[in-house]
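S.K.: Dropping the structure in here first, questions after.
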Amino acid sequence: MTTLECPARLAIARLLREARLNWRLSRLYETLKALEPIVRLVEEGCDLSPSLGAPNTSERTTSSRQWARGAVRLAAASAYLVGCDDQLAQLVNLAYREWGDDATLLQIAARAAMDDGRMEDSVELVRRACALAPRRSRLLELLGRIEARAGNIDEALAAVRVAARLRPRRASLRIELAELALAAGQNDLGLSALGALIDPPCLLHARLLAGAGRWREAVEMYNRLIEAGHVTPTFQSISPNHTTTMGLQSSNRGIVADEDLLNASIERIDVLERLGDRAAIQALADAESDDPFRCQAVLVRLAEATLNMGDPVRCARLASRCRHGSESAFALALLSVAATLLGRPMLAERCRTRLGLRDQSLLARAWRRGLMAEVIAAQSSCERAGADPTQSVLEPLLEHATHVLTQVAEQSPQFADVHYHRGNCLAALGREREAVAAVDTALSINANYTDAQRLRSSIKRAA
């Protein structure tokens, strides 16, 4: 190893100080330029030790390696930030030849590979870095991010959980853990991660509540986010580390200009539809009808929900406002179904004509909504609807299913599943004798049919 004389070592120290100053001032190209002579000396195997009077040769060698490694790390970080991938690769290879794997350099190389879309290389690099520094929280956080982008949600969740245990007060780690828990379907874990935050992100919190089946709390959280977004142009949803700018125009209160606010509006309708809260959906529909600036995606989703709730009048009103725009295809399909249910065949035909042969799947989807709406609307005026609305809605569907299953049983009499399901429908309708006969037929075909045996026993106990 070539040992530099004192003036040369002082010059190297001056260059390193200059590079660090440029780094602090974000002068990345100047940082690289100042570090070029130092990197060249490292490649030549020179002793860069700043310990001019070190009595021990081993101490001088250790100090030299630390100084040289720091310079190479700084050069690699600068090369990554300015986008010099070739130079970064050369620095990583140089460090590997001189000192073996280095966790910091592997971390930088993993980030560069992730940015380039080379996910397999990125995962390999960051795993090697974590093997060297298993308790470095930033590295574990990066591992989780890369694993998530590679589609390995469970591995990403495990890495971020370890990082959150190492740094429990970091809000960004807890939020990332909650996001990964939501993607993995572990909603309780996500809610627990957000529980320590003073002001957790509303949209993420609402999604976790909905995923955990806490529908009413989810609706309240969606309402909080949407109302806050409507009131002020800028909405800080969480801690200062994670600020979301809603980007709303103050002159037009109803404009949806932010993706989070748009998603919250649509997801709130989904949750209300799962709850079966017809009154709340109708109230939203009436409020949206008074707002001429509302996003078409929200209007069309709301029109679909009102149709599903058996309200074709509001559906037609909302869908008619979206016949010209990005959501026009599904709006026309919904309007065609609603017009048919309302007895306006000419309007329905005009909508189908405009829709043409394109997007026939949208028309089929709208009709599935419309058929359920027709059943609800037909039963809402019945006397039984007030006493037992659930039964009044389900009974026509069960009767229709029984009729279809009877026809299938006549065509395929040796199909035990058909007889079993027919008996199930008959039992729900209260026709026990016919249900027992259908179940007995299924058992005669398959004596080991466990579900049929259980159904027959339950019918006998009920009788």
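The values are calculated or read from the model by the stated rules, or taken from the named source; none is laboratory data. Values in this document were obtained by computation on a predicted structure and should not be read as measured data. FYI the Cβ positions are ideal-geometry reconstructions off the backbone, even for glycines, and counts take in every protein chain you see.
S.K.: Being surrounded by fewer than 18 Cβ atoms within 10 Å (Cβ to Cβ), under 22 Å from Thr450 (Cβ atoms) and of a type in the set (A, V, I, L, M, F, W, C) is the filter here, so list the residues in segment 417-438 that pass it.
M.R.: Of everything in segment 417-438, those that are surrounded by fewer than 18 Cβ atoms within 10 Å (Cβ to Cβ), under 22 Å from Thr450 (Cβ atoms) and of a type in the set (A, V, I, L, M, F, W, C) turn out to be Ala428, Ala437.
S.K.: So which residues in segment 416-442 are outside any helix (DSSP H, G or I) and in contact with a helix residue (DSSP H, G or I) (Cβ under 7 Å, 6 or more places away or on another chain), if there are any at all? Spell out the reasoning first.
M.R.: From segment 416-442, those outside any helix (DSSP H, G or I) are 429-431; that's our starting set.
Passing the criteria: only Leu429.
S.K.: Going by the structure shown, is Ser237 surrounded by 21 or more Cβ atoms within 10 Å (Cβ to Cβ), of a type outside the set (A, V, I, L, M, F, W, C), at pLDDT below 50 and not in a helix (DSSP H, G or I)?
M.R.: yes
S.K.: Which residues, counting only those in segment 155-193, are surrounded by fewer than 19 Cβ atoms within 10 Å (Cβ to Cβ) and among the basic types (Lys, Arg)?
M.R.: Across segment 155-193, the qualifying residues are Arg161, Arg165, Arg167, Arg169, Arg170.
Matching residues to (1) in contact with a Lys or Arg (Cβ under 6 Å, 6 or more places away or on another chain); (2) in contact (Cβ under 8 Å) with a residue 24 or more places away in the chain; (3) among the aliphatic types (A, V, I, L, M); (4) not in a helix (DSSP H, G or I):
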position: Ala156; (1), (2), (3), (4): no, yes, yes, no
position: Arg169; (1), (2), (3), (4): no, no, no, yes
position: Ser172; (1), (2), (3), (4): no, yes, no, no
position: Ile175; (1), (2), (3), (4): no, yes, yes, no
position: Glu179; (1), (2), (3), (4): no, yes, no, no
position: Ala193; (1), (2), (3), (4): yes, yes, yes, no
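S.K.: Using the structure shown, decide if Gln360 is modelled with pLDDT under 70 and touching a Ser or Thr at 6+ places or on another chain (Cβ under 8 Å). Before the answer, list the steps.
M.R.: On the way: modelled with pLDDT under 70: yes; touching a Ser or Thr at 6+ places or on another chain (Cβ under 8 Å): no.
Taking the combined requirement at face value, the residue does not satisfy it.
S.K.: Can you name every residue in segment 198-221 that is in a loop (DSSP other than H, G, I, E, B) and either at pLDDT 85 or above or not charged (D, E, K, R) (or both)?
M.R.: Ile198, Pro200, Pro201, Ala212, Gly213, Arg214
S.K.: Let me ask you something else. Name the helices (runs of 4 or more DSSP H) wholly inside segment 287-353 in which the number of residues that are within 12 Å of Ala366 (Cβ to Cβ), over 32 Å from the mean Cα position of the chain (by Cα) and of a type outside the set (Ser, Thr, Tyr) is 2 or more.
M.R.: Qualifying helices (runs of 4 or more DSSP H): 328-341.
S.K.: Moving on. Checking Gly53 against (1) at pLDDT below 85; (2) under 26 Å from Ile146 (Cβ atoms): exactly one of these is not met. Which one?
M.R.: Checking Gly53 against (1) at pLDDT below 85; (2) under 26 Å from Ile146 (Cβ atoms), the one that fails is (2).
S.K.: Okay, moving on. Could you please let me know if Leu94 is at pLDDT below 90, in a helix (DSSP H, G or I) and not polar (S, T, N, Q)?
M.R.: When the stated conditions are applied, Leu94 passes them.
S.K.: Taking Ala319 and the conditions (1) loosely packed, with under 15 Cβ neighbours inside 10 Å; (2) modelled with pLDDT of 85 or more; (3) assigned by TED's automatic domain parsing to the domain that holds Ala364, which numbered condition does it fall short on, given that it satisfies the others?
M.R.: Here Ala319 clears every test but (1).
S.K.: Something else about it: Starting from segment 295-323, keep only residues that are on the phi < 0 side of the Ramachandran plot, then list their pairs with residues that are at pLDDT below 85 and of a type in the set (Phe, Trp, Tyr) whose Cβ atoms are within a distance under 6 Å, requiring at least 6 positions of separation or different chains.
M.R.: From residues that are on the phi < 0 side of the Ramachandran plot, the pairs are Val300/Phe330.
S.K.: So which of Ala79, Ala71 ends up being of a type in the set (A, V, I, L, M) and modelled with pLDDT of 90 or more?
M.R.: When all the criteria are applied, what remains is Ala79.
S.K.: State which residue pairs qualify: first residue surrounded by 13 or more Cβ atoms within 10 Å (Cβ to Cβ) and inside segment 345-358, second residue modelled with pLDDT under 80 in any location, beta carbons under 7 Å apart, and separation of 6 or more residues or different chains.
M.R.: Listed pairs, sorted by first residue: Leu355/Leu363.
Rundown of residues vs (1) crowded, with 18+ Cβ neighbours inside 10 Å; (2) over 23 Å from Glu217 (Cα atoms), yes/no style:
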position	(1), (2)
Leu272	yes, no
Leu275	no, no
Ala279	no, no
Ala285	yes, no
Ala297	yes, yes
Leu307	yes, yes
His324	no, yes
Leu332	yes, yes
Leu335	yes, yes
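S.K.: Within segment 80-105, track down each residue that is in contact with a Lys or Arg (Cβ under 9 Å, 6 or more places away or on another chain), closer than 18 Å to Val39 by Cβ and surrounded by 16 or more Cβ atoms within 10 Å (Cβ to Cβ).
M.R.: If the condition is that a residue be in contact with a Lys or Arg (Cβ under 9 Å, 6 or more places away or on another chain), closer than 18 Å to Val39 by Cβ and surrounded by 16 or more Cβ atoms within 10 Å (Cβ to Cβ), then Tyr80, Leu91, Ala95, Asp102, Thr104, Leu105 are the ones that fit.
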